[in-house]
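Here the structure comes first, spelled out in structure tokens, and everything after it is commentary.
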Amino acid sequence: MPSSEIGKTIILETNLKGYFFEGLNRLNKKSLCPVPESAIYYSSDVLDKFALSQDFFDFSEGKVREKILGLKLLEASQLNREEQRKVYKEVADMSLIVCGYFSESTHKKLVDAQYYSQLGKMAYSQLNSLAPHFLDIPSFYNMFATCFESITTLMNLLASQSKTGADSHLIFKKVLNDEFVSEKEMLVSGIINPPTRKVS
């Protein structure tokens, strides 16, 4: 492949949700600390929903502005119950996408990925207090909040593979290039074992 064509991979899929589910599920199965399949299903649904970039912006008075998720989360407490549920879900899902599939975009922002991670987990916890069920799973959003970092790591790996078209593991490339690899990335990737807890 000529160098001019590198990085211009086009993914041809009739069902984006299926593409995301298959990719995330494949990576999850390689992990020594996999997340529940229901979390993979939900994540692929979110990725499919936010496939259009216009969903990341507010359009008002002929102007386009990036949504300020922290402010939306704060203002949600002034809304009625149904509107709160919608705002919590939007903030949580967008934080998931920003931390996961588009984590590189946080390098250009005033706040880092850790901020969006905390925001997402808070929003999912708030959402759980209003509508805890997904696929008839009780307290689903609380469970999802606890594995937020693992899911965003899987999304980040999938995004890297999609951009490069590489089937090989990005983590190993980072290690070979002496790049920093977080413990969470290595844990989810199956490179290191999860910490064991003694039962007393």
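We did not get these values from a lab; they are worked out from the coordinates using the rules stated. Just so you know, these numbers come straight off a predicted model, no measurement behind them. In this analysis, Cβ positions are derived from the backbone assuming ideal geometry, glycine residues included, and neighbour counts consider all displayed protein chains.
Some points to look at:
- Most tightly packed first, judged by the mean number of other beta-carbon atoms within 10 Å of their residues, the peptides 42-48, 112-118 read 42-48, 112-118.
- Length gained on full extension, D136 to K30: 35.5 nm, using 0.36 nm per residue less the C-alpha separation.
- Under the simplified labelling scheme, the E83-V111 pair shows an inter-label distance of 2.1 nm, with each label point 7 Å from Cα along Cα→Cβ.
- For F134, distant residues with modelled amide H under 5 Å away: F140
- Applying a threshold of 31 Å to the alpha-carbon distances of K30/K86; K29/K72; K17/K121 flags K30/K86; K29/K72 as lying beyond it.
- Peptides 70-81, 121-132, 93-104 ordered by average Cβ neighbours within 10 Å, highest first: 93-104, 121-132, 70-81
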